[in-house]
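*Asks:* Dumping the structure here so I can ask a few things about it.
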Amino acid sequence: MNLEQWYARVERARARAWLPLRLKPLLRPLDPYLDWQVHNRLTATALADLRKALARHRGSLPKLSVIMPVYRPGRRHFDSAIASLKAQVLTEWELCLCDDGSADAGLSGDLRSLAEGDDRIKVTALAANGGISAATNAAAALASGEVLLFMDQDDCLAPDCLAEFALAFAADPQLDMVYSDSDKIDEQGRHFAPWFKPGWSPVLLLSHMYLGHAVALRRSLFDRLGGFRSAFDGSQDFDLALRAGELAERVGHIPRVLYHWRALPGSTAVSAAQKPGSIEAGRNAVREALERRGVAAAVVRPAWAEKAGIGLFEPRFNAPGKVSVIVYGLENGSTDLAWLEGVLGKVPESAEVLVAGGAPAGTVASVRWEWIADADVGTADDVIAACLARARGDVVVFLEAGAEPQGEEWLAQLCGHAALPGVGLAGARLVDGRGRVLNAGHVFPASASRPEPAFAGLPAHRSGAQYLARTPHECFAVSASCAAMPRALADRLGPLVGGALDGETLGMRLSERARALGSSVICCASVDARMAAGDPVPQAPTRRMGDPWYNGNLGQGAAQYAPMRRVPALRQEAPVRVCAVTHNLDREGAQTALLDLLAGLRRQGRADAFLVSGREGPLRAAFEAEGIAVSVIPSPRRGAPRAQHARYRADLARSFAAGCAQAVLANTLECHAAVAAAADAGLGSVWWQHEGGTWREHFQRFPRHLRARAYAAFAQCYRLVQVAEATRAGWLPIATRNNFEVIRHAIPPERHAADLARWERPQARRQLGLEPEDCCVLLLGSISARKRQADVVRALEALPSGAGASLRIIIAGGLVDPGYERVLTAALQRLDAVRRAQVRMVGAVSDVALYLAAADVFVCCSRQESAPRAIVEAMSFGLPVVSTPVDGIPELVRFGSSGVSFPVGDFRKLGELLLRLAASPGDRQRLGRAGRELVPLLSDYKNMVKRFGGLLGEAARTSEKPAEVG
């Protein structure tokens, strides 16, 4: 527990005293999976949606045969298994039972009774105990279904299990094997240990049977495979999955918990060590799989897995053949050269080593490597392409300066995994000098705005969730600090997208290209490369892509691999009636963003919205022009009596009912009362946080009773949406539920295009009275102490006499902080007449495009920001950004590439930067061009509206009661 978490814990404890009894539990952390289960019940709406889907696919639904071997079952659990099957939403199923020589007359009679009482049930028996494979094959021989689903005698199916499997096969005729997520169930029927699995991962399957339950195969594939093999009893399902994966045309994954695995004493659900024979059978299954695929490798059980009693394996490859090692990132100093000599001691003599960059003066050429001089490769973007053109190895290894591969077998293991069938890029796990993971590949959570390193900060000896921190596995991307790629794929890469030449950025580019060429990316997490320092934030992909290897039910950041509050989406979503609540209608960023969102939801047919505001303002007309009805319910002051705040919440709840709202969208943290009112009205809500900073700063000015209500609202809302990863991290300590999500602000493309086209630059500058030699510096945003506009005035004042004469500073924005107006006015009055003439205060402006088109530089002095839209707008106009690096701003501006930074309050540094840019039009153009190229990655309006529409639809279904099935 860090200091912020401790403070949050204390604050929540204090706040509980101010809450009514029914709300107190909201300030206590809830087990994430318990919260997930509450929100993943099969409701009446979800059941109706499922039945409609079954009706639509009626003619193409395959018949499912459930295959169950039986041997002396515990009768209570066996009855529960049968009951779960009879409670299925899909009623057209077949159960095929085989008694594996139980020699139990009572059981035999019961099985006969089952078959006689339900013509969907078939029963056979073996004369003597033949083992689980023989019994399963005998049960399968009874099946008449096109699809076989395998079930153990004491497990349970979720009510929608068979329906979901049938729909998956019906939707894609090429699917040959499908698996779902699962959890465990104890003797008392409590659910725990969810297994939210990745999408199809054949490399991961070489380590252990990650598919688990439930698994279904087409009957035709099962017959081709010859069914289960008795020689692999104990790991017979693992062997079948390995063989099926080799022949299946396509393998599918249903990311829903559809199977409940009974954890009983002596069961592998408790530990693989319960059945030692299963471990050796698993090893043999992997050994044969490698032989069938023509892969020369031994099969070992890592020492850590053996110690933990886990049936987990790893291929151990021979020394690689011809290898080309590309070394990049050297700064040609003595430290780098010493590092290079040390690394080459871990590379075989036969390897070809290409070092990007020129040899320093006086360096003696080495027979161990070839320098590729700067003159040959041009810019940094050409370095890798030049090296690849010269490489002659069958496998290409990328090695960033400073990376230190660990262990004698690192190269063999990395190259061996890169050469596995279907693999395009294999990256090592990166660790720091303290023995903690920097990344074990990258994941791209559905709730995140960019990829993030997997298992960052985890002690390196820990195996992590699903053993992925130490097991080779498919993933979204890997670092190229230590990575390998088959030469055949490297020749097909083509031009790489530009970017900084560091391991993270290069890895993201190579991963994206490998996937585009139909190959997988794997983290070879059994190989470590030590890095002296943490890695930079990876460059985002060129487009938003899903990550099928990171389950959509899981969270991000500190909640990575933990269940996230999630209501499954419907197959046919209807528009949701939404009440949006905002604290005012002023022309500010948060309210403008709300207008853009509601208009987009309406146009895309995702939601029909009406708006309640706490105060009138000039934006009312804009909302009404979009067909959004507006009403005003005055919000009380923070210091108003508690009864007045209670009446306000009641008034909001009545407005929700009057407007027939199905969900509530609360805009900004100020609207926490709307979240509470939605909960009182039995409605789900989405709370949109635009504010930056940390949780302790924002609510300190609230009276205790109101602060407690605000903290409770974090648990009451279905989802808290933040606009920056930094904001999410800053507020996470106060969370008691895993319900935070990041969705970036985005601008409607049609309005954006109109803004860009409205003014020609010369025309805009004439309109604002700017001369050709003037360097126009623009500050855009509400006038407040948080935005610190006075710093730019102080910067001008501190410039040397006569310097900065070409600077023309325009401060545009409405006044929201009267006290700060006096500070800004005093700063202006301190300027002499000449300097004062260089500053213009224009107040709130209706046409922002005029000022952006005319400006040369955009400045943000804020001490606290989330991810201001104004910065993205400035970058779209090609303006270089000069900003403080606070909160989410570094997620928008790549300092050094599209902008430059200065510390909060350091007006002297700000002045230096403005002087430099004023004197260098070339630098302004370079920074502005880089910023404009980033905008499509930062402002995806269609995706923003789609994600909000999905969340509001999910929120609308949170209060529904579970459906009755059976």
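The values are calculated or read from the model by the stated rules, or taken from the named source; none is laboratory data. A quick note: this is a predicted structure, and the numbers were derived from the prediction, not measured. So basically every Cβ, Gly included, is an ideal-geometry build from the backbone, and we count neighbours across all protein chains shown.
*Asks:* Looking at ALA805, ALA798, ALA735, which one is surrounded by fewer than 22 Cβ atoms within 10 Å (Cβ to Cβ) and touching a residue at least 40 places away in the same chain (Cβ under 8 Å)?
*Replies:* ALA798
*Asks:* In addition: Just give me the residues in the stretch 218-252 being among the aliphatic types (A, V, I, L, M), in contact with a Gly (Cβ under 7 Å, 6 or more places away or on another chain) and closer than 20 Å to SER144 by Cα, in sequence order.
*Replies:* Those that are among the aliphatic types (A, V, I, L, M), in contact with a Gly (Cβ under 7 Å, 6 or more places away or on another chain) and closer than 20 Å to SER144 by Cα: none in the stretch 218-252.
*Asks:* Hey, GLU865 hits all of (1) part of a helix (DSSP H, G or I); (2) more than 30 Å from ASN40 (Cβ to Cβ) but one; which does it fall short on?
*Replies:* Looking at each condition in turn, GLU865 falls short on (1).
*Asks:* Could you grab the pairs with beta carbons closer than 8 Å, sequence gap of 6+ or different chains, first residue in the stretch 630-641 and over 23 Å from ARG701 (Cα atoms), second one surrounded by 12 or more Cβ atoms within 10 Å (Cβ to Cβ) and of a type in the set (Lys, Arg)?
*Replies:* Close Cβ pairs satisfying both conditions: VAL630/ARG620; VAL632/ARG615.
*Asks:* Within the stretch 177-207, can you find the residues that are surrounded by 16 or more Cβ atoms within 10 Å (Cβ to Cβ) and of a type in the set (A, V, I, L, M, F, W, C)?
*Replies:* MET177, VAL178, ILE185, TRP195, PHE196, TRP200, VAL203, LEU204, LEU205, LEU206 - these are the residues of the stretch 177-207 that are surrounded by 16 or more Cβ atoms within 10 Å (Cβ to Cβ) and of a type in the set (A, V, I, L, M, F, W, C).
Every residue, every condition in (1) surrounded by fewer than 18 Cβ atoms within 10 Å (Cβ to Cβ); (2) modelled with pLDDT under 95; (3) more than 25 Å from LEU595 (Cα to Cα), yes or no:
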| site | (1), (2), (3) |
| --- | --- |
| SER866 | no, yes, no |
| VAL882 | no, no, yes |
| LEU910 | no, no, yes |
| VAL935 | no, yes, no |
| SER939 | no, yes, no |
| LYS946 | yes, yes, no |
| SER959 | yes, yes, yes |
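*Asks:* In the stretch 921-937, is there at least one residue being outside any helix (DSSP H, G or I) and within 28 Å of the chain's Cα centre (by Cα)?
*Replies:* The answer is no; no qualifying residue exists.
*Asks:* Any idea which of ALA930, ALA919, ALA870, ALA963 is farther than 22 Å from PRO748 by Cβ, of a type outside the set (Lys, Arg) and touching a strand residue (DSSP E or B) at 6+ places or on another chain (Cβ under 6 Å)?
*Replies:* Every option except ALA963 fails the conditions.
*Asks:* Output the residues belonging to the stretch 692-715 that are in contact with a His (Cβ under 6 Å, 6 or more places away or on another chain) and either over 27 Å from GLY949 (Cβ atoms) or surrounded by fewer than 23 Cβ atoms within 10 Å (Cβ to Cβ) (or both).
*Replies:* Answer for the stretch 692-715, where residues must be in contact with a His (Cβ under 6 Å, 6 or more places away or on another chain) and either over 27 Å from GLY949 (Cβ atoms) or surrounded by fewer than 23 Cβ atoms within 10 Å (Cβ to Cβ) (or both): just ALA710.
*Asks:* With the requirement that a residue be over 30 Å from MET209 (Cα atoms) and basic (Lys, Arg), what does the stretch 303-354 give you?
*Replies:* LYS322, LYS346
*Asks:* Tell me the residue from LEU85, LEU97 that is touching a helix residue (DSSP H, G or I) at 6+ places or on another chain (Cβ under 7 Å), surrounded by 17 or more Cβ atoms within 10 Å (Cβ to Cβ) and at pLDDT 95 or above, please.
*Replies:* Only one candidate passes the filter, namely LEU97.
*Asks:* Within the stretch 877-920, work out how many residues are assigned to a loop (DSSP other than H, G, I, E, B) and more than 30 Å from ARG728 (Cα to Cα).
*Replies:* 2
*Asks:* While we're on this one: Of these, VAL251, VAL215, which one is under 17 Å from ILE67 (Cα atoms) and of a type in the set (Val, Ile, Thr)?
*Replies:* VAL215 is the lone residue from the list that is under 17 Å from ILE67 (Cα atoms) and of a type in the set (Val, Ile, Thr).
*Asks:* Among what's in the stretch 915-945 and is touching an Asp or Glu at 6+ places or on another chain (Cβ under 9 Å) and among the basic types (Lys, Arg), pick the residue that is nearest to LEU799 (Cα to Cα).
*Replies:* Among residues in the stretch 915-945 that are touching an Asp or Glu at 6+ places or on another chain (Cβ under 9 Å) and among the basic types (Lys, Arg), the one nearest to LEU799 (Cα to Cα) is ARG916.
*Asks:* Something else: Of everything in the stretch 842-864, what is modelled with pLDDT of 95 or more and among the acidic types (Asp, Glu)? Give them in sequence order.
*Replies:* The one that is modelled with pLDDT of 95 or more and among the acidic types (Asp, Glu): ASP856.
*Asks:* Return the residue satisfying two criteria in turn: it lies in the stretch 770-806 and is hydroxyl-bearing (Ser, Thr, Tyr) and touching a strand residue (DSSP E or B) at 6+ places or on another chain (Cβ under 9 Å), and of such residues it is modelled with the highest pLDDT.
*Replies:* Applying the filter and picking the extreme gives SER806.
*Asks:* Something else: Can you confirm whether the stretch 646-663 contains a residue that is crowded, with 20+ Cβ neighbours inside 10 Å, touching a Phe, Trp or Tyr at 6+ places or on another chain (Cβ under 6 Å) and closer than 25 Å to ALA17 by Cα?
*Replies:* No: the stretch 646-663 contains no residue that is crowded, with 20+ Cβ neighbours inside 10 Å, touching a Phe, Trp or Tyr at 6+ places or on another chain (Cβ under 6 Å) and closer than 25 Å to ALA17 by Cα.
*Asks:* Please work out which residue is farthest from the chain's Cα centre (by Cα), limiting yourself to the stretch 591-638 and to residues that are assigned to a loop (DSSP other than H, G, I, E, B) and of a type in the set (A, V, I, L, M, F, W, C).
*Replies:* ILE633
*Asks:* Which count do you get for residues in the stretch 417-474 that are surrounded by fewer than 19 Cβ atoms within 10 Å (Cβ to Cβ), more than 22 Å from the chain's Cα centre (by Cα) and hydrophobic (A, V, I, L, M, F, W, C)?
*Replies:* Of the residues in that region, 0 qualify.
*Asks:* If a residue counts only when it is closer than 23 Å to LEU595 by Cα and under 35 Å from the mean Cα position of the chain (by Cα), which helices (runs of 4 or more DSSP H) contained entirely in the stretch 729-820 have at least 2 such residues?
*Replies:* 749-758
*Asks:* So, in the stretch 70-82, how many residues would count as being closer than 18 Å to THR136 by Cα and either surrounded by 17 or more Cβ atoms within 10 Å (Cβ to Cβ) or touching a residue at least 60 places away in the same chain (Cβ under 8 Å) (or both)?
*Replies:* Within the stretch 70-82, residues that are closer than 18 Å to THR136 by Cα and either surrounded by 17 or more Cβ atoms within 10 Å (Cβ to Cβ) or touching a residue at least 60 places away in the same chain (Cβ under 8 Å) (or both) number 6.
*Asks:* Let me ask something else about it. Against the conditions (1) assigned to a helix (DSSP H, G or I); (2) in contact with a Phe, Trp or Tyr (Cβ under 6 Å, 6 or more places away or on another chain), where does PRO62 fall short? Just the number, please.
*Replies:* PRO62 satisfies all of (1) assigned to a helix (DSSP H, G or I); (2) in contact with a Phe, Trp or Tyr (Cβ under 6 Å, 6 or more places away or on another chain) except (1).
*Asks:* Can you tell me which of ALA17, ALA115, ALA83 is among the hydrophobic types (A, V, I, L, M, F, W, C) and not assigned by TED's automatic domain parsing to the domain that holds ALA171?
*Replies:* ALA17
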